[in-house]
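Scroll down for the structure; my scribbles are underneath it.
What follows draws every value from the coordinates through simple rules; no lab data is involved. Being a predicted model, the structure only gives us computed values, none of them experimental. Note: ideal-geometry Cβ built from the backbone for every residue, glycine included; neighbour counts use all protein chains shown.
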Amino acid sequence: MYIILIIFFISLIGISAMIGKKLILLKNKKIEYTERILFKIPNLDEIKNITAKNSKRYGYIILVKIIRFYIRTSILLKYIYAITKKKIKNIYYKYFPYKIKEKNKKNEVSKFLKMISDYKHKIKNIKDKIVEEENNY
């Protein structure tokens, strides 16, 4: 902790010494003060056009990256889910083997539902025959 404070104060003293030296030279007029522009500032319309163009491009790139990340994570999560589901099933059937026999039994369909499905199939066959006859004429 003390080392960091010592380094900070030494750098602060050094910076103030450099600035003080420049101020003394400016006071004695040994250095001429000139306003120099280090770089050319473009017109505001140019800045507006450049930012609009770059914001669209970078916005599109960011959107593509986000969608790729979303798709990759969803695929990874589905893969992890499938693996854990298999592991849990194996553990479940290891400790409850009698549940496998109960699960493999097919439930009998009620007679009423079976009769309705038969009627639906018959009606579908009749409709198909009618469509074929209409197409032949």
_FRET E, pair S117, I62, Förster distance 41 Å, beta-carbon r, rounded to 0.05_ = 0.15
*Under DSSP H, which helices of the chain have Cα atoms covering 15 Å or more of the helix axis and a Kyte-Doolittle average no less than 1.6?*
2-27
*State the dimensionless ratio Rg/Rh of the stretch 1-83 (Rg: radius of gyration of Cα atoms; Rh: Kirkwood radius).*
1.38
